[in-house]
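Asks: Below is a structure I'd like to ask you about.
The values are calculated or read from the model by the stated rules, or taken from the named source; none is laboratory data. Model, not experiment: these values are computed from the prediction. Every residue, glycine as well, gets a Cβ built from its backbone with ideal geometry; the counts of neighbours run over all protein chains shown. SASA here: full protein model, heavy atoms, side chains in, ligands and nucleic acids out. Shrake-Rupley method; radii C 1.70, N 1.55, O 1.52, S 1.80 Å.
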Amino acid sequence: MIEIKGVHKSFGDLEVLKGIDLTVNRGEVVSIIGASGSGKSTLLYCINAIESINKGNIIVDGIDVHDKKTDINALRQNLGMVFQQWNSFPHLTVLENAALAPQVVKGFSKEKAEAIATKELTHVGLGDKLHEYPTKMSGGQQQRLAIARALAMEPPYMLFDEVTSALDPELVGEVLDTLRLLRDDGMTMICVTHEIAFAKEVSDKVAFFHEGLIEEIGTPQEVLDNPQKERTQQFLSKVL
Amino acid sequence: MIEIKGVHKSFGDLEVLKGIDLTVNRGEVVSIIGASGSGKSTLLYCINAIESINKGNIIVDGIDVHDKKTDINALRQNLGMVFQQWNSFPHLTVLENAALAPQVVKGFSKEKAEAIATKELTHVGLGDKLHEYPTKMSGGQQQRLAIARALAMEPPYMLFDEVTSALDPELVGEVLDTLRLLRDDGMTMICVTHEIAFAKEVSDKVAFFHEGLIEEIGTPQEVLDNPQKERTQQFLSKVL
Amino acid sequence: MNLFTPLSWNDTGFILTGILNTVYISVIAIVVGSLLGLLIGFIRAESNKTVNVCLGAVLDILRSVPLIIQLILFSTFIGVMGFPLPPFFAGSIILSLYTMAFMSEVFRSGFNSVPTTMIKAARSLGMNYLQTVRYIRIPIGMRAVFPSWIGVALSVIKDSALVSVIGYMELLRTAEQLISRTQQPLMILIGVGLFYFMISYPLSRYGKYIERKMEI
Amino acid sequence: DQLDDVISRGTLNCGVVLDFPPMGYTDKDNKPAGFDVDYCNDLATVLGVKSNVINLTWGDRIPSLISAKTDVVIGSTSDSLARAKSVGFTYPYFVFKFQVISKKGVKMTSFADLKDVKVGAALGTTYETEYFNYADAQGWGRDNYTAFKSENDAFLGLYQGKVDALISTNTNIATKLTSGQFDNFVAGPYVPNYDDVVGIIAKRSEQAWIKYLNLFLVHQVRDGRLNELHVKHFGTPVSADMVKALRENK
Amino acid sequence: MDNYEFHWNVVFDAFPQLLTGAFTTVHVSVLSMLVGIIIAVLLALGKMSETKTFYHIANIWIEIARNTPALFLIYMAYFGLGAYGIHLSPYVSVFSALVFINAGYLAETFRGGFQSIPKTQYSAAKSLGMNNIKVYRYIILPQMFRRIYHPMTNQFVWSILMSSLGILVGMNELSGETQRLQSTSFRTLEFFMVAAVMYYVITKLVLLAADLIAKKVFKGEIS
Ligand SMILES: Nc1ncnc2c1ncn2[C@@H]1O[C@H](COP(=O)(O)OP(=O)(O)OP(=O)(O)O)[C@@H](O)[C@H]1O
Ligand SMILES: Nc1ncnc2c1ncn2[C@@H]1O[C@H](COP(=O)(O)OP(=O)(O)OP(=O)(O)O)[C@@H](O)[C@H]1O
Ligand SMILES: [Mg+2]
Ligand SMILES: [Mg+2]
């Protein structure tokens, strides 16, 4: 379970998160939508401790992420993260990309790491590209590689930050299909997304961010089909 | 009138156009839709003689474009073209961008060229940016500049190649508005586009390309609302 | 007889000549080398593989043999051929060719940096080949490589010191003569270093500034 | 031929090594001066042309001739037989002895004492070759030897203490010692059994030109100009030995 | 050309000496490169450091190295320091000047290579649970090395070519040896032609080796 309690976060004078409360249970899929700059990415970074927070708590399976005593590298193994810009490691093959972290972080043998990596890569449909270099692949393939790379650490939670928004339209589908696959596997996920239709389809809960606060949260039907708040309505009318 | 008769075009072994027939009358707006790689851009390049053809004829106002004797630079003055990637010349101001070709190609005086350029730039809504450099402008503005630059040659025909697909979603509108403006002026246009709604709204004819052939052609109502061919139906179901 | 005399005001004129000679030969090499480099860079950007390999091999020799050896060889060679040239001309020729070899690479990448779509856009406006070169490719390509151009130009100014080996009285050789006379190398050398630094440093800063400005 | 060329051109391009006082150096106005420079001017005068003195380093002498930058080089060039394959020599015009100059306090009574000190010479000179021959014959290594690009650099190196002893010519050493700036140094032993006989050099093929130069040298001795210049630059009249040597052509 | 006969046998007789000279040339450039790289790493770190002193030392070093002629620095090392009674041999003078310059140029190369790696690569590696050392060891340094490899080979070639300035302080590398040989025999053209060819061959061999190594070591491309 991920519990986010009253989280505040500022960059210098700019307060980006102004008190976020959100709970994500095991097996749940939570989508976060909202205008650019509303703090969606920042929240994911805070959950993964890539950014520090100024106030509040983020608790993952009972462990306080921002506690000084927490072994953050161990914790991150539980939180797979995929970014908007695909970040494949250009100097490694597809297989090496996915097998690296299990090897050097978890200390698995090369064989074991590559077995897991191969399994996850096949899962996302890259089984035939294991020995290619990612720079030669399309954006959609690289993004699926990033997903498999995170999955190879076998994390119970996955965080997705607008994983399709840097892709050409025809490549969006293959990545969304991969996410659907994960949902069907029962993965716990937080998805920041601009794809409203997709959010409606896969989410258990949808949270609408506005200027560092959750303006509205609920089931997709509640938030997306019958938004109560004016800002949510405005936002949805623009993007749909 | 643009008459395209049995045009074939290959790149090496790859046959990209396999016999295209299409007639565009003065004042008509023809939209071309179709999957990526179906040869839409290639056809526009062939009309403008940026690419040669292997078989068939393309006749613009009675002149055979691919005849050896044709003065191709003179002919191109009649065919304004705007590309997917905005290609503003970064070393020139907005005004200079649009005034360059009338000056060096048509041999107009600087004053005359700038007067025409100013008129066209104002027309597309860039009247207040004349002396700025395009690198500082948004993609939508640069794309409108590209349109004005082509218009400043006062061509009777305009060819548009997916002019909005490299733009951020919020900038698409302003460019489409500019195209609507041209349609209202009675400009003859061929638009390759992915924006089905737009094609439906502005076109007299819509042609659906599939693997180098026109699979279906007709009014927007015929092709977009009641497609007869299975492939057209498939394509439309994906993009809508 | 007075072999060793301290520096005096008399020497300022002498040093000034050295400075001017350094400036002359650098400017000539940069201007001539850039013009030739522009031409060759353009030819290389436009030609097929065979032409490129041949041209490249010739330019490669200029880049793979030390300048000092090129200078000695050339000035000896032209004499043997029966066309003796004063050090200034022999030095200018070799330094210009040497500059050309580097500039042609700079300009070639400049020409290649102009996207083909931009050239197509220009052609679609009815411009002919030469017009696209004149109005689009040269201005855009040259802008893109301006910082590298500054870099090469600065290295030419520094390398011009080597023309002293064939007897050209540029700054460093002037300084050497003064050192022999005064036996005071430190002050004189520091002065020389300062001169080069004062020319090179601001220009290299300017180049970096432009580069940074272009990145944005 | 070259003689006609010089006369019709009206200028004599005369190469001198301005690195080798008192034969050639630059005075306090950075103008060429010295014995060789005076010889150049004398030669120009008898030819009836303007004298254009060109400053060379040791290494530049041959290239400058071959490249026709100079018509003649009056630059204390030792007349070795190997060199004479490449370039034409006149009769000798001066005879040097190779000598050691060393820091005061360094034991330097015989040439053999060079074994244990840091020694230097100008690169590519005859005395460098002589030193190598000697050292090789004695079985010394070359670790304690430093070459300098030019004579001036060599003396600067000695002055700064880069080397303890330097091999040069007796004339240059004497000049340096009288200059006042080398008070901490003393002249040492001569290179054993070696007279450095030097000639003017010109292009090998220019026989008429070389003959003219030879006659010029004979006249310098006969007319007393040699003695005059010797007094001017060395403070003493030219020795009978040297005149004899020059007359006898060896 | 009619008045010049080539005498090649003198040059062939002297070939062993030329080879010794060439060996010294390679020796001094390899060594100056290795030491230069080590110092360049420190300078690059200094230039990126928050500590003012380190930053300024690195900055001054880099700017002097980049903005003064190599010949000047060699003279400075040889006669300039000599005035203080610090006596470097010709070899050490050329070596230290080359080290000084190599370090200055390479420091900027390293810094550029380092900064050219997108920040997102750090975030991505960290999000996989790697600690700082692992991020550098497995992600940042391998990519950086690829980017700086080419500039580094160029700098190496530059060192080889610039070591020819040893001729001006009487060093016995290839050029100096050539100068000595030509002034004892006066066959200038022949000796310098052979030297030119030797330099050409050396630089080509270096570039060839660098290419072969790159092909073996770097399999993936850099985007
Ligand atoms: N490292 C940083 N330093 C300073 N400001 C930052 C930093 N990262 C983000 N911000 C600012 O924080 C605000 C929220 O950024 P964030 O990336 O979380 O927005 P977002 O909701 O993800 O938007 P988008 O949809 O564009 O990705 C923005 O105004 C952004 O400029
Ligand atoms: N210059 C070229 N050389 C070789 N092949 C080419 C060239 N230009 C285009 N092609 C190929 O021709 C085919 C058709 O390309 P074209 O650009 O016309 O497609 P399109 O319908 O415009 O697609 P998109 O919607 O992606 O722009 C593609 O397979 C493409 O790879
Ligand atoms: Mg974001
Ligand atoms: Mg296209």
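Asks: Which cysteines in the protein assembly as shown lack any other cysteine whose Cβ sits under 4.7 Å from their own Cβ?
Replies: Lacking a cysteine Cβ partner under 4.7 Å: A:Cys46, A:Cys191, B:Cys46, B:Cys191, C:Cys54.
Asks: What list of ³J(HN,Hα) values in whole Hz, one per residue of the stretch E:159-165 in order, does the Karplus curve 6.51 cos²θ - 1.76 cosθ + 1.60 (θ = phi - 60°) give from phi, with Gly and Pro shown as x?
Replies: So the Karplus estimates, Gly and Pro as x, are 4, 4, 5, 6, 5, 4, 5 Hz.
Asks: Here's another thing I want to ask about it. Can you tell which of D:Asn172, B:Tyr157, B:Phe89 lies farthest toward the positive end of the dipole of the protein assembly as shown, using +1 and -1 charges on the Cβ of basic and acidic side chains (Lys, Arg; Asp, Glu)?
Replies: Checking the options against the dipole of the protein assembly as shown, the answer is D:Asn172.
Asks: Write down the accessible area per residue of chain E in Å², having rolled a 1.4 Å probe over the full set of protein chains.
Replies: 43
Asks: Counting only complete DSSP H runs, which helices of chain C cover 15 Å or more along their long axis at the Cα atoms and score a mean Kyte-Doolittle of 0.5 or above?
Replies: Those that clear 15 Å and a mean of 0.5 are C:10-46, C:49-64, C:67-80, C:87-113, C:146-159.
Asks: Do any residues of the stretch D:139-160 show a loss of at least 10 square angstrom of accessible area between the isolated chain and the full protein assembly, using a 1.4 Å probe, and if so which?
Replies: D:Thr146, D:Ala147, D:Phe148, D:Lys149, D:Asn152, D:Asp153, D:Leu156, D:Tyr159, D:Gln160
Asks: Calculate the spin-label point distance for A:Ser165 paired with E:Ile86, positioning each point 7 Å from the Cα along the beta-carbon direction, and give it in nanometres.
Replies: The two pseudo-label positions are separated by 5.7 nm.
Asks: If you take each beta carbon of peptide C:188-195 and count the beta carbons of other chains within 10 angstrom, what is the mean?
Replies: For this peptide, the per-residue mean of nearby foreign Cβ atoms is 4.
Asks: Which value, in debye to the nearest 20, describes the size of the charge dipole of the protein assembly as shown about its Cα centre when Lys and Arg Cβ atoms bear +1, Asp and Glu Cβ atoms bear -1, and nothing else is charged?
Replies: So the dipole magnitude of the protein assembly as shown works out to roughly 2300 debye.
Asks: Right, another one. Determine the shape class of the protein assembly as shown: with a ≥ b ≥ c the square roots of the Cα gyration tensor eigenvalues, call it rounded for a/c under 1.5, and otherwise prolate if a/b is greater than b/c, oblate otherwise.
Replies: prolate
Asks: Something else: If R₀ is 30 angstrom, what is the calculated FRET efficiency for the pair E:Leu31 and E:Val201, using the beta carbon separation as r and rounding to 0.05?
Replies: According to the calculation, E is roughly 0.90.
Asks: Expressed as a whole percentage, what fraction of the accessible surface of the stretch E:8-217 belongs to carbon and sulfur atoms when a 1.4 Å probe is rolled over the protein heavy atoms?
Replies: 72
Asks: Of all beta bridges DSSP finds with both residues in the protein assembly as shown, what is the antiparallel percent, to the nearest 5?
Replies: Taking every DSSP beta bridge with both residues in the protein assembly as shown, the antiparallel ones total about 55 percent.
Asks: Let me ask something else about it. Round to the nearest 10 and report in Å² the accessible area of C:Trp149, as given by a 1.4 Å probe over the protein chains' heavy atoms.
Replies: 70
Asks: Let me ask something else. How much accessible area per residue does the stretch B:107-240 have, counting only protein heavy atoms and a probe of 1.4 Å, in square angstrom?
Replies: Each residue of the stretch B:107-240 exposes 45 Å² on average to a 1.4 Å probe.
Asks: Next up: Could you tell me which of the pairs B:Lys68/C:Lys49; D:Lys85/D:Lys203; A:Lys68/E:Lys126; A:Lys119/E:Lys219; D:Lys104/D:Lys176 are separated by over 19 angstrom between their Cα atoms in the structure shown?
Replies: B:Lys68/C:Lys49; A:Lys119/E:Lys219
Asks: What is the percent carbon and sulfur in the accessible area of the stretch C:10-215, measuring with a 1.4 Å probe over the protein chains and ignoring ligands?
Replies: That fraction is 72 percent.
Asks: Let a ≥ b ≥ c be the square roots of the eigenvalues of the Cα gyration tensor of chain E; is it rounded (a/c under 1.5), or, if not, prolate (a/b larger than b/c) or oblate?
Replies: In terms of gyration-tensor shape, oblate.
Asks: If one computes the Cα centroid of the stretch D:5-28 and of the stretch C:138-183, what distance in Å separates the two points?
Replies: Taking the Cα centre of the stretch C:138-183 as reference, the centre of the stretch D:5-28 is 28 Å away.
Asks: Averaging sequence separations of C-alpha pairs under 8 Å and six or more residues apart, then dividing by the length of chain D, give the relative contact order as a whole percent.
Replies: RCO, chain D: 27 percent.
Asks: Okay, next question. Can you list the HN-Hα couplings for the stretch D:233-245, worked out from phi with the Karplus curve (6.51, -1.76, 1.60; θ = phi - 60°), rounded to whole Hz and with x for Gly and Pro?
Replies: 9, 10, x, 10, x, 5, 6, 4, 4, 5, 4, 4, 4
Asks: Still on this structure, I have one more. Ignore the peptide's own chain and count Cβ atoms of other chains within 10 Å of each Cβ in C:113-123; give me the average, rounded.
Replies: 5
Asks: Then there is this: Do any residues of the stretch C:81-104 show a loss of at least 10 square angstrom of accessible area between the isolated chain and the full protein assembly, using a 1.4 Å probe, and if so which?
Replies: C:Met81, C:Pro84, C:Leu85, C:Pro87, C:Tyr98
Asks: Going highest first, how would you order A:154-165, D:46-57 by mean Cβ packing within 10 Å?
Replies: A:154-165, D:46-57
Asks: Check which residues have an amide H placed less than 5 Å from D:Ile200's amide H, if you skip close sequence neighbours.
Replies: Distant-sequence amide H within range of D:Ile200: D:Thr90, D:Tyr93.
Asks: For the stretch D:103-155 and the stretch C:69-124, compute the distance between their C-alpha centroids and round to whole Å.
Replies: 44
Asks: Counting helices only, and only those DSSP H runs with n ≥ 4, report the 222 nm mean residue ellipticity of chain C as the sum of -39,500 (n - 2.57) divided by its residues, in deg cm²/dmol to the nearest 500.
Replies: For chain C, the value works out to -26500 deg cm²/dmol.
Asks: A further question on this structure: With all pairs of different alpha carbon atoms counted, what Kirkwood hydrodynamic radius in Å does chain D show?
Replies: 18.7
Asks: Measuring from label point to label point, each 7 Å out along Cα→Cβ, what is the E:Tyr55 to C:Leu130 span in nm?
Replies: Taking the simple label geometry, E:Tyr55 and C:Leu130 are separated by 5.4 nm.
Asks: Also, I was wondering about something else. Does chain A come out rounded, prolate or oblate, given a ≥ b ≥ c as the square roots of the eigenvalues of its C-alpha gyration tensor, rounded meaning a/c under 1.5 and, failing that, prolate meaning a/b above b/c?
Replies: The shape class here is oblate.
Asks: List the accessible area buried at the contact between A and E, summed over both sides and calculated with a 1.4 Å probe, in Å² to the nearest 100.
Replies: 2000
Asks: Along the Cα-to-C-beta direction of A:Glu3, a point sits 7 Å from the Cα; which residues of the stretch A:73-106 have their amide N less than 20 Å from that point?
Replies: Under cut-off, by backbone N: A:75-76, A:78-79.
Asks: Pull up the DSSP beta bridges for chain A and report the antiparallel fraction as a percent, rounded to 5.
Replies: Counting DSSP beta bridges with both partners in chain A, the antiparallel share is about 55 percent.
Asks: How large a share of the accessible area of the stretch D:111-250, in percent, is made up of carbon and sulfur atoms when the probe is 1.4 Å and the other protein chains stay in place?
Replies: 48
Asks: What is the average number of partner chain Cβ atoms found within 10 Å of a Cβ in C:55-68?
Replies: The mean count of partner-chain Cβ atoms within 10 Å per residue comes to 5.
Asks: Cα atoms only: what Rg and Dmax, in Å, come out for chain C?
Replies: 21.1, 79
Asks: Turning to a different aspect of this structure: Based on DSSP H runs of at least 4 residues, each adding -39500 (n - 2.57), what is the mean residue ellipticity at 222 nm of chain D after dividing by all its residues, to the nearest 500 deg cm²/dmol?
Replies: -11500 deg cm²/dmol
Asks: With only Lys, Arg, Asp and Glu charged, each at its Cβ (+1 for the first two, -1 for the last two), find how big the charge dipole of the stretch E:8-217 is about the Cα centre; round to the nearest 20 debye.
Replies: 1020
Asks: Can you work out the base-10 log of I(q)/I(0) for the stretch C:118-216 at q = 0.11, 0.12, 0.19 1/Å, using the Debye formula on its C-alpha atoms alone?
Replies: -0.56, -0.61, -0.94
Asks: A further question on this structure: How many times 2.2 N^0.38 Å is the alpha carbon radius of gyration of the stretch D:165-250?
Replies: 1.33
Asks: Then there's this: Enumerate the calculated ³J(HN,Hα) couplings along the stretch D:10-18 in order (Karplus 6.51 cos²θ - 1.76 cosθ + 1.60, θ = phi - 60°), each rounded to whole Hz, writing x wherever the residue is Gly or Pro.
Replies: Those phi angles translate into x, 9, 9, 8, 10, x, 9, 8, 8 Hz.
Asks: Separate question: Between the stretch A:1-38 and the stretch D:200-232, how many Å separate their Cα centres?
Replies: The stretch A:1-38 and the stretch D:200-232 have Cα centres separated by 100 Å.
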